[in-house]
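Data block below; observations after.
The values are calculated or read from the model by the stated rules, or taken from the named source; none is laboratory data. Not measured: the values here are computed from a predicted model. Note: ideal-geometry Cβ built from the backbone for every residue, glycine included; neighbour counts use all protein chains shown.
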Amino acid sequence: MSEEQRQETPEQWKRRSFIAFGVLGAFGAVVYGLQRWISGAQDVSGVQGPLRTALDFSDGAGQLLKDDAHLAPEYPITMAAPKPRVNGKIGLAPTLDAAQWRLNVRSNGPAGDLSLTLDDLKALPRTEVCFDFKCIEGWNEISHWGGVRLSDLAEHYHLGTRNGAVPRQDEPADRYAYAALTTPDAKYYVGIDMKSAMHPQTILCYEMNRAPLTADHGAPLRLIIPTKYGVKNLKCIGTLAFTDERPPDYWAERGYGYDAGL
Ligand SMILES: Nc1nc2c(c(=O)[nH]1)N[C@H]1C(S)=C(S)[C@@H](COP(=O)(O)O)O[C@H]1N2
Ligand SMILES: [Mo]
């Protein structure tokens, strides 16, 4: 083939550039349309509608794929951080007097409302868990906690069911759908699905590294829930309630997925 033969005629060139600009234009229109669509509707947390739909879809798919009964891996306590990182101080009450403090429980069942002291909680079986604590901000740390299983508390006081029966993992029908926890000032709050709340590694925690929990880490009592991200591990519990309505959740209201499961 000679050089001349390889060159395009002006007609061929015109045709080519016409197609190229057409494709570019169509592509631009699609991108513009998508951008308009995505930035259109926003949900309460300011997340754009279609992105929220995608997030909710992946949250739902995650819920279906994982079973909330799986155990989080545990580690020897020698691997636990001696001084675990402190993160998030919303609703903490550093000057709170542990002797005055009460865990206010709204059972919404025959047990009625309870006001429990730390000693009431310490009288129940003590459980320890040493696991890899994971924060959505991208850090993780092996840490060691002690307290009472939420399921042991529920069993002892007949909490978490509408009819006052002891909640059982294999019989979810009578159970309320959620546990709701808030700080004493209600500034930080989380909702936990009951299967995760009654999980054997979920504890109401009053000890870290076998010493009393410090104020930064949520004294006198915090939630430790190894099957969920740090956001759900509410520090400084003031109230605990059982309910069928999905409880408000601090970070879910700010655009994070509600489940925050691992
Ligand atoms: N009351 C309260 N609890 C909270 C938070 C908070 O801001 N306030 N932050 C959460 C987040 S995002 C994380 S990662 C963990 C951190 O727990 P730590 O400080 O014991 O490491 O606490 C959780 N519980
Ligand atoms: Mo976090």
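Summed over the range 122-144, the residues that are surrounded by fewer than 17 Cβ atoms within 10 Å (Cβ to Cβ) and more than 21 Å from ALA98 (Cβ to Cβ) give a count of 8.
Considered as a group, the residues in the range 167-196 that are more than 14 Å from the chain's Cα centre (by Cα) and of a type in the set (D, E, K, R) include one that is nearest to ligand 1 (Cβ to nearest atom), and that residue is LYS187. Within the bounds of the range 247-260, is there any residue that is within 10 Å of ligand 1 (Cβ to nearest atom), closer than 22 Å to ASP68 by Cβ and charged (D, E, K, R)? No; the residues of the range 247-260 include none that is within 10 Å of ligand 1 (Cβ to nearest atom), closer than 22 Å to ASP68 by Cβ and charged (D, E, K, R). Only residues that are out of contact with any strand residue (DSSP E or B) (no Cβ under 6 Å at 6 or more places or on another chain) and not hydrophobic (A, V, I, L, M, F, W, C) were counted across the range 247-261, and they come to 7.
Considering (1) more than 22 Å from ALA186 (Cβ to Cβ); (2) within 22 Å of the chain's Cα centre (by Cα), the lone condition that THR78 does not fulfil carries the number (2). Flag set for VAL166, criterion: of a type in the set (Val, Ile, Thr), more than 20 Å from TRP251 (Cα to Cα) and modelled with pLDDT under 95. Only residues that are in contact with a Lys or Arg (Cβ under 7 Å, 6 or more places away or on another chain), part of a loop (DSSP other than H, G, I, E, B) and within 13 Å of ligand 1 (Cβ to nearest atom) were counted in the range 197-242, giving 9. The number of residues in the range 78-96 being more than 16 Å from ligand 2 (Cβ to nearest atom) and small (Gly, Ala, Ser) comes to 2. Checking the range 97-105 against the condition returns no match, with no residue being within 16 Å of ligand 2 (Cβ to nearest atom) and modelled with pLDDT of 90 or more. Each residue in the range 155-176 was checked for being loosely packed, with under 15 Cβ neighbours inside 10 Å, over 19 Å from LEU204 (Cα atoms) and touching a residue at least 24 places away in the same chain (Cβ under 8 Å), and 1 pass. Within the span defined as the range 241-250, one or more residues are modelled with pLDDT of 95 or more and touching a Leu at 6+ places or on another chain (Cβ under 7 Å).
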